[in-house]
Amino acid sequence: MAKNSKKSRPLLIGLLAVLIVVLAAGGYTLGEIGGTFRSQGTVTVEIPKGASTAGVANSLRKAGAIGNTYLFRLYSRLTGADGSYQYGTFTVEPKAGYGALVEALQNTAQYLEGVVVTIPEGYNAYQIGDTLEQAGLCTKEEWLEALNTHTYSLSWLDQVSDDPLKMVRLDGFLFPDTYSFDPEATVDTIVLTFLENFQRRVLTQENLDRMEEMGLSLEDTVILASIIQREAANVEEMYNVSSVFHNRLDPDSPYPRLESCTTNDYINNYIRPAYEGSAPAEVLEAYDTYDKTGLPVGAIANPGLDAITAALYPNDTPYYFFVTDITYHHYYGRTYEEHLANIEKALAVNRSYGKDGL
């Protein structure tokens, strides 16, 4: 009896392992179809005209409404839903599960003729507010008030400071993209759509791991990326511009101030007007990178993925300075003397185009 028990033990272990795998797979499938793994709330998904089930599944996955395109396609086929989907912009609840998603996309009553707005990379909250107001979605004042005072149920927002010197609390986290909104959407729905898009596009595990490796907080990353976005003339130069700022931020840097003219542009074009020309000195100092060491108190723009990636993966250079001419050519220098020589080069190019000055 003992010998037979020993012989059957590996078989039992093997059967148990198979059973565990089957149960785990079944649990995942049921959870995915039922929406168990997704959070509460709504997302907006756009289904192109003539989209196949595969195209519908890809759109749902991109919007965060489902987690597995293969399972959705299989579910759609087995339930006879293939070919029944409407096109347009829909607001759906991912946690409601596949059945509710299919029903919503089949029902023309759920179709919304969205208001489409495109937010370029590098726009700040004030510029986005102007765009939303022009589109008739909300007023600029409502938008800014929501960004500064309203709360949203996203755990990562705990990492965003509410420093009273910041002009707009959530500036920098409003991901630039093309959006389609229900004309009746509330300002909170609009803000949350921007924030959820930032979460999907930026807060990947790879990016979070790199922030930790670089010793950068989420907010530091976004602030730095916002300056890179405004300073660099193109994506290629973002990595060199990033290296200059990283070199200046180094504890042993001989030039500890960022000295970014884009922060001065933000002060003159947005901070002073917001205070009708008499902005508090402490607010101006908090953003003036010619006056203070390190990063400004808040982002000056909303960076795209390229600028965020450049902030996390700067080129390895010895440069502490750069200047750009009218053709958007960048000149980099290691010392202030080299920088002065580069300024003369840039000025010479500018004069050849009839521009006097940088």
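Yes or no: residue 65 crowded, with 18+ Cβ neighbours inside 10 Å and either farther than 20 Å from residue 186 by Cβ or out of contact with any Leu (no Cβ under 9 Å at 6 or more places or on another chain) (or both)? Walk me through it before giving the result.
Working: crowded, with 18+ Cβ neighbours inside 10 Å: yes; either farther than 20 Å from residue 186 by Cβ or out of contact with any Leu (no Cβ under 9 Å at 6 or more places or on another chain) (or both): yes.
So residue 65 fits the description; yes.
Take the residues in region 217-237 that are of a type in the set (A, V, I, L, M) and buried (at least 16 other Cβ atoms within 10 Å of the Cβ), then tell me which one is farthest from the chain's Cα centre (by Cα). Talk me through it step by step, then tell me what you get.
Step one: filter region 217-237 for residues of a type in the set (A, V, I, L, M), giving 218, 222-225, 227-228, 232-233, 235.
Subsequent filtering for residues that are buried (at least 16 other Cβ atoms within 10 Å of the Cβ) retains 218, 222-225, 227-228, 232.
Working: 218: 11, 222: 9, 223: 12, 224: 13, 225: 11, 227: 15, 228: 15, 232: 18 Å.
The residue in question is 232.
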Of the residues in region 238-249, those that are of a type outside the set (Phe, Trp, Tyr) and either buried (at least 23 other Cβ atoms within 10 Å of the Cβ) or under 16 Å from residue 312 (Cβ atoms) (or both) come to 238, 240, 241, 242, 243, 244, 246, 247, 249
Scanning region 124-151 for residues that are of a type in the set (Ser, Thr, Tyr) and loosely packed, with under 13 Cβ neighbours inside 10 Å gives 149, 151
Worksheet item: If you go through region 303-313 one residue at a time, do you hit one that is β-branched (Val, Ile, Thr), within 26 Å of the chain's Cα centre (by Cα), in a loop (DSSP other than H, G, I, E, B) and in the same structural domain as residue 242 (by TED's automatic domain parsing)?
Response: no
Sole miss for residue 296 among (1) in a loop (DSSP other than H, G, I, E, B); (2) over 21 Å from residue 176 (Cβ atoms) is condition (2)
Expected single match for crowded, with 21+ Cβ neighbours inside 10 Å and over 28 Å from residue 87 (Cβ atoms) among 214, 167 is 167
Residue 118 vs (1) in the same structural domain as residue 168 (by TED's automatic domain parsing); (2) touching a Leu at 6+ places or on another chain (Cβ under 9 Å); (3) among the hydroxyl-bearing types (Ser, Thr, Tyr): all pass except (2)
Restricting attention to region 267-313, the residues that are farther than 20 Å from residue 173 by Cα and crowded, with 21+ Cβ neighbours inside 10 Å number exactly 1
Subset of region 332-358, residues of a type in the set (Gly, Ala, Ser), under 36 Å from the mean Cα position of the chain (by Cα) and at pLDDT below 90, comes to 357
Only one of (1) part of a loop (DSSP other than H, G, I, E, B); (2) touching a residue at least 24 places away in the same chain (Cβ under 8 Å) does not apply to residue 132, and that is (1)
Residue pairs qualifying under the 7 Å Cβ cut-off, at least six apart or on distinct chains, with the first in region 50-61 being closer than 10 Å to residue 73 by Cβ and the second being crowded, with 17+ Cβ neighbours inside 10 Å and of a type in the set (Lys, Arg), are 53/73; 54/73; 57/73
Reported set for region 173-196 where residues are in a loop (DSSP other than H, G, I, E, B), over 17 Å from the mean Cα position of the chain (by Cα) and surrounded by 13 or more Cβ atoms within 10 Å (Cβ to Cβ) is 182, 185, 186
Within region 68-86, of all residues that are touching a residue at least 12 places away in the same chain (Cβ under 8 Å) and among the hydrophobic types (A, V, I, L, M, F, W, C), the one surrounded by the fewest Cβ atoms within 10 Å (Cβ to Cβ) is 71
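Take residue 271 and tell me if it is in a helix (DSSP H, G or I), touching a residue at least 24 places away in the same chain (Cβ under 8 Å) and of a type in the set (A, V, I, L, M, F, W, C). Full working, then the answer.
Values: in a helix (DSSP H, G or I): yes; touching a residue at least 24 places away in the same chain (Cβ under 8 Å): yes; of a type in the set (A, V, I, L, M, F, W, C): yes.
In short, yes.
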Looking across region 314-331 at residues that are polar (S, T, N, Q) and assigned to a loop (DSSP other than H, G, I, E, B), the single one that is farthest from the chain's Cα centre (by Cα) is 327
Exception for residue 216 within (1) part of a loop (DSSP other than H, G, I, E, B); (2) within 30 Å of residue 88 (Cβ to Cβ) falls at (2)
Checked region 146-172 for anything closer than 24 Å to residue 280 by Cα, under 18 Å from the mean Cα position of the chain (by Cα) and in a loop (DSSP other than H, G, I, E, B); matches are 160, 161, 168, 169, 170, 171, 172
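The values are calculated or read from the model by the stated rules, or taken from the named source; none is laboratory data. Note that the coordinates shown come from a computational prediction; the quantities given were computed from them, not determined experimentally. Using ideal geometry, Cβ is built from the backbone for each residue, glycine included, and neighbour counts are taken over all protein chains shown.
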